[in-house]
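Below: one structure, written as structure tokens.
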Amino acid sequence: MSFDVLIVGIGGQGTVLTSNILGEACVIEGIPVRGAEAHGMAQRGGSVESQIRIGQEYGPLIAPGTADIIISLDLMEAARACHYLKEGGRIFTCREYVTPTTVFMQDFPAPDEQMLLSLIGDRKVTEIDAKKLAEDAGSILTLNTVMLGAASGCLPLKEQSLRDAISRTVPKKTIEMNLKAFDLGKTAGSVQ
């Protein structure tokens, strides 16, 4: 088995934590896993990318055009990373996006949802209102777990392994909230 997951977002959204949860779920199931992360000025709201290769024994990097799914915590990051998706792959993305401050400083028009979706093109996209669902779960900080839940039906991992990995990986006081976020995301992802 080989299954490649690209997780993209903005610094502070939980991209790396999401990849750690996936890695832990693989460890629970005894599946080989490789991963790599790229941080682009993450502390200042820059792009963060985590590459997870489930069942892979060689190298942690995903080549463009080969990712099975992309889990995006930000719609703009989904547009930026969509070239990694293989034909027939799927993007799970948060409907919201963080507008870069440089857009306003340079007096360029800010992108809108339709423009970003047009950049993604005809790829299979599942948009999730993750911000609202995270707030419903108890904290906007669970947005990453909402998106993991939304994509969970397409992952080659058991739901219980993912739930156990969340419990082992997130701060103890947030376990219940993160599991609720995961469930809300799973429901939203299965509807579409």
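The values are calculated or read from the model by the stated rules, or taken from the named source; none is laboratory data. Not measured: the values here are computed from a predicted model. Because the Cβ atoms are built from the backbone with ideal geometry, glycine has one as well, and the counts that use them run over all protein chains shown.
Free of Cβ contacts under 8 Å to residues at least 60 places away in the same chain, crowded, with 19+ Cβ neighbours inside 10 Å and not in a strand (DSSP E or B): does that describe Cys82?
Considered against the rule, which asks whether it is free of Cβ contacts under 8 Å to residues at least 60 places away in the same chain, crowded, with 19+ Cβ neighbours inside 10 Å and not in a strand (DSSP E or B), Cys82 comes out as yes.
Can you tell me which residue in the range 142-171 is surrounded by the most Cβ atoms within 10 Å (Cβ to Cβ), limited to those that are under 26 Å from Tyr97 (Cα atoms), small (Gly, Ala, Ser) and out of contact with any strand residue (DSSP E or B) (no Cβ under 7 Å at 6 or more places or on another chain)?
The extreme case among them is Gly149.
For residues in the range 94-141 being aliphatic (A, V, I, L, M) and exposed (fewer than 12 other Cβ atoms within 10 Å of the Cβ), which is modelled with the lowest pLDDT? Spell out how you get there, then give the answer.
Residues of the range 94-141 that are aliphatic (A, V, I, L, M), as a first pass: 98, 103, 105, 110, 115-117, 119-120, 125, 128, 130, 133-134, 137, 140-141.
Okay, now just the ones that are also exposed (fewer than 12 other Cβ atoms within 10 Å of the Cβ), so 105, 110.
Working: Met105: 50, Ala110: 61.
That would be Met105.
I'd like to know if the range 18-41 contains one or more residues that are at pLDDT below 95, closer than 11 Å to Ile7 by Cα, among the charged types (D, E, K, R) and in a helix (DSSP H, G or I).
Checked the range 18-41: no residue is at pLDDT below 95, closer than 11 Å to Ile7 by Cα, among the charged types (D, E, K, R) and in a helix (DSSP H, G or I).
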